[in-house]
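Notes follow once the structure below has been shown.
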Amino acid sequence: MNDRRTIKYFSMKKLTEGKPRTFIAFSVLGIIALAVLIMNIFTGSAGIPISKAIAILLAGDRTDAAYASILLRIRIPRAVAALLLGGALALSGYLLQTFFHNPIAGPFVLGVSSGAKLTVAFVMILVIGRHNSVSSAVMILAAFAGSMITLGVVLMISRKIKRMSMLVVCGVMIGYICSAITDFAVTFADNSDIVNLHNWSMGTFSGTTGENVLVMTAVVVPAGICTFLLSKPISAYRLGEGYAQSMGVNVRLLRIGLILLSGLLAACVTAFAGPVSFVGIAVPHIARVIFRTSKPIVMIPACFLGGSIFCMLCDMAARTAFAPAEMSISTVTAIFGAPVVIAVMIGRRKGEL
């Protein structure tokens, strides 16, 4: 009788021991995300009194048109874009790491972002030559096509190469080729609007509009929900394809879903912000350290929240560190993300990961 009670006690303890920590971690990250979002809205090269900003946001005060325009048309859309696209990029990286069973796989490393950048640049060059603007839907479709083509090439290479490290090297080379072609096309463009693509090709949340935010919300939120609903199949897939099949998971459909969702999320980021480096690789590992688990049901929302915070902080640093001059977002994300990737590679070599 005592043995049964002991077994029941320890089984209940194992079931519940991680939940308080997970709840606390999510609560802290949620508070940090809200605080960073507010900081992004209230800080910038143009100083806006806090009382005036609160009056504009909460009371609808429009007596100072300049302040209202800065807050409502520039800072808020940009901050929300960093939140949504940062989360999308981290989720895309997590899905690619799961698909390839490789801890350093990501949209930027595998050339997915560069492939999306290439198709978006060519579509913009062709469309702007005939029209004055390009719709958000066209940009997302172009980026999605580029990301799918690049992923298709990477998948074909993966069938020929058994070592994951060589696959990453091939992905990096594909990214360099796509970036070189994009830079060549942009450099020799005549239209001034096309020449401005150079800033976008380096990665930036600048110029985001309210319409852009609505479109990216319509893409990122459903994709994020679909990813979360796949938590259980992904959990089985991480233990091996044979185990997943024995649990009733259609592995072929799951792999297709992982590729489509990761490509769509990466494409949305590239279409609006250009290629953003290292977020998709670094954030999943940071989330894993914080939550001390690899369970997809925890990792998926943790990656989204972590990616949002990471990108909002990096964007705030990019536009305020040397104001009024602004750095590209990829420059800042590389500064903070690259050390994480180096630590992961060193740890993997030592057998710690």
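The values are calculated or read from the model by the stated rules, or taken from the named source; none is laboratory data. As the structure is a prediction and not an experimental result, all values here were calculated from the model. A quick note on method: Cβ atoms are made from the backbone with ideal geometry, for glycine too, and the neighbour counts reach across all protein chains shown.
So the values come out like this:
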| item | result |
| --- | --- |
| Counted residues, region 299-336 - those being over 17 Å from the mean Cα position of the chain (by Cα) and within 22 Å of Ala236 (Cα to Cα) | 0 |
| Scan of region 275-311 for residues that are of a type in the set (Gly, Ala, Ser) and surrounded by 24 or more Cβ atoms within 10 Å (Cβ to Cβ), ordered by number | Ser277, Gly280, Ala282, Ala287, Ala302, Gly306, Gly307, Ser308 |
| From the options Gly30, Gly60, Gly93, Gly86, residue that is modelled with pLDDT under 75 and either within 20 Å of the chain's Cα centre (by Cα) or under 29 Å from Val220 (Cα atoms) (or both) | Gly60 |
| Any hit, region 311-326, residues being within 21 Å of Ile225 (Cβ to Cβ) and either without any contact (Cβ under 8 Å) to a residue 40 or more places away in the chain or in a helix (DSSP H, G or I) (or both) | yes |
| Region 143-176, residues that are without any contact (Cβ under 8 Å) to a residue 12 or more places away in the chain and more than 22 Å from Leu264 (Cβ to Cβ) | Arg159, Lys160, Ile161, Lys162, Arg163, Ser165, Met166, Val169 |
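The rows are residues; the columns are (1) among the small types (Gly, Ala, Ser); (2) under 29 Å from Tyr176 (Cβ atoms).
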residue: Val269; (1), (2): no, yes
residue: Leu313; (1), (2): no, yes
residue: Ala323; (1), (2): yes, no
residue: Ser330; (1), (2): yes, yes
